[in-house]
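Below is one structure; the comments refer to it alone.
Every read-out reported here was derived from the displayed coordinates using simple, explicitly stated rules and does not represent laboratory data. Since the structure is predicted, the reported quantities are computational estimates derived from the model, not experimental observations. Cβ coordinates were reconstructed from backbone atoms using ideal geometry, including for glycine residues, and neighbour counts include every protein chain displayed.
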Amino acid sequence: MEIAFVIEKFILITVIFSVSLGVAAYSTLAERKIAGYLQDRVGPSRAGWGGMFQPLADGLKMFFKEEIIPAESSKTLFILGPSLALLTACIGSAVIPWGQEILIADRLVSLQVTDVNVGILYIFGVVSLGVYGIMIGGWASNNKFSLMGAVRAASQSISYEIPMGLSIIALLLSTNTLSMKEIAEQQHGANWNILYQPLGFLIFLVCSFAETNRTPFDLPECETELVGGYHTEYSGFKMGAFMFAEYLNMFLASAVMSTLYFGGYNYPGMDWVNDMTGPTIGPLIGMGVLFLKIFVFIFFFMWVRWTVPRFRYDQLMNLGWKILIPLAIANIVITGIVITIVDKL
Amino acid sequence: MSISLFYFIAFLSIFFALLVIFSKNPVHSVLYLIVTFFTLTIHYVLLNAQFLAIVNFIVYMGAIMVLFLFVLMLLNLNENREASKSTLIKMIGVIAGMCLIVTLVGSVKALHVSDPLILKTQDLGLVKNLGKVLFSKFLLPFELSSLLLLSAMVGAVLLAKRDIKKA
């Protein structure tokens with residue numbers, strides 16, 4: 001029993017790792033294809049059928065490029081920066097429930113690596129840790145532009161963590177639990193949290209754009225002002241690690257948003273489908289639905305990137321502190337009042 | 001198993017805490033301090049206090065230390081720019097440190113070793129129980145400390161605002 005449990009978790013972790021890395025790799029291709037479509041051109045089309053092997057070619061190119069470590073830089077920290085960025089991007093997916101319990105060879109297997117009873121806070125912690133990779137990398141480069149990018153990343157991340165946390169508090173008021181598994185179970189069928197927390201979702205969405213450093217909030221790597229931002233001095237695979245971490249973060253943010261607000265693996269009519277297909281295929285369909293939601297979010301991230309121009313820095317700070325935080329607090333108060341009234345009725 | 005794990009983590013905590021003091025570069029010090037806080041988080045997990053662990057993780061590692069790092073990076077201090085301290089200051093530091101050691105040793109000697117504490121309920125540190133205790137038994141201290149934090153926040157905003165008007 002014990003060994004079976006270990007093997008099952010090991011396989012699950014391996015599958016989740018490889019799937020999230022695969023999704024991140026193909027996100028780079030999707031981004032260029034979508035950019036091509038939005039700008040009325042073809043996009044990468046040479047490597048493989050319709051550019052299918054482009055991520056592979058990009059990865060190979062990254063590996064074979066010369067690794068340059070600038071003189072006068074702190075060498076250990078220079079390597080630690082991208083490693084940390086990649087690590088924090090990978091460990092967040094541990095608490096996401098990827099599906100209902102699935103029956104494999106007469107064993108009920110949970111499709112979640114671990115159900116921490118403070119699951120949301122764990123994700124929040126991992127997100128807040130993500131900024132260290134950028135900060136350490138930017139500082140260790142010993143370059144003024146890198147440092148500016150790192151400082152911008154830090155202040156942006158801290159500013160947007162606050163409204164993000166406040167919007168989660170309003171969600172907790174209506175779900176009554178911190179566990180990701182229970183939150184997913186509560187949204188059975190079409191009973192999704194977006195129906196109860198539309199404003200909270202909007203705040204969370206904007207904040208996750210800021211936390212993943214995506215346009216319109218990609219000021220840490222603003223080319224027109226900072227050359228390349230925090231990764232100016234990076235080359236080869238270390239540069240690739242930073243880029244990859246960004247796409248992994250986008251995948252994680254999409255998965256979290258789908259689970260918290262859009263029902264995770266739940267979809268209307270799932271009971272009927274589960275009855276029809278049995279306890280092995282049914283949860284797999286739920287998992288497919290979750291991935292569909294994730295891909296829609298990833299597409300949304302890219303759509304926004306090629307539509308909305310970058311903010312100015314003071315606009316970014318004003319949006320965070322003067323609009324999102326008061327809105328999030330108002331959201332908490334309104335949620336509290338409504339819950340009290342509903343309980344009294 | 002649990003005891004040896006505790007001693008290993010405790011060793012790591014003290015080791016990294018010492019590195020905080022002994023490293024010459026302030027940025028390295030802050031990074032070691034972050035690792036120290038991480039080992040403290042593991043201690044909380046070992047005590048089955050998940051909520052406290054994750055709050056320590058988010059607040060200390062994720063927020064406060066980022067601010068520390070932020071300020072240090074802006075100042076960009078390093079070894080050769082550190083002002084050389086005079087012999088007098090070093091002497092005063094040694095004497096003050098020795099006084100602290102004497103006080104600590106004395107107080108440790110005066111203390112009695114308490115009986116090992118056995119938790120009545122193993123899940124005391126979970127969010128639900130912690131919240132119930134905070135909002136019933138310890139309501140007054142909890143609210144007072146929140147007022148204290150609020151006043152500190154208002155004070156900080158006030159200080160920052162006054163500077164802008166003068167300039």
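What to note about this one:
- Label-reachable residues, the stretch A:161-198, where backbone N falls under 18 Å from a point 7 Å from A:Asp115's Cα toward its Cβ: A:175-189
- Taking each residue as 0.36 nm, the span from B:Asn48 to B:Asn25 lengthens on full extension beyond its C-alpha to C-alpha distance by 4.7 nm.
- Segment B:Ile64-B:Leu104, length gained on full extension (0.36 nm per residue, minus Cα span): 11.6 nm
- Placing unit charges on the Cβ atoms of the charged side chains and taking the dipole of the protein assembly as shown about its Cα centre, the candidate lying farthest along the positive direction among A:Ile334, B:Gly97, A:Leu38 is B:Gly97.
- When each of A:Lys144/B:Lys85; A:Lys9/A:Lys344; A:Lys144/B:Lys90; A:Lys9/B:Lys24; A:Lys61/A:Lys144 is checked by Cα-Cα distance, pairs over 32 Å: A:Lys9/A:Lys344; A:Lys144/B:Lys90; A:Lys9/B:Lys24
- Farthest towards the positive end of the charge dipole of the stretch A:66-344, among the residues A:Trp192, A:Val118, A:Phe145, is the Cα of A:Phe145, using unit charges on the Cβ of Lys, Arg, Asp and Glu.
- Between A:Lys322 and A:Ala190, the simple spin-label model (points 7 angstrom out along Cα→Cβ) gives 4.1 nm.
- Axis of helix A:198-211 versus longest Cα principal axis of chain A: the two differ by about 30°, to the nearest ten degrees.
- Top positive-direction residue, dipole computed over the stretch A:66-344 with Cβ charges, set A:Leu290, A:Ile169, A:Phe78: A:Ile169
- Pairwise FRET efficiency - B:Leu18 versus B:Leu111, Cβ, R0 = 22 Å, nearest 0.05: 0.40
- Distance between the 7 Å Cα→Cβ label points at A:Ile13 and A:Ile281: 3.3 nm.
- One chain, two ends: B:Phe8 and B:Leu72. Fully extended at 0.36 nm per residue, the span grows by 20.0 nm beyond their Cα-Cα distance.
- Anisotropy class of the stretch A:154-200 from Cα gyration tensor, a/c 1.5 cut: prolate
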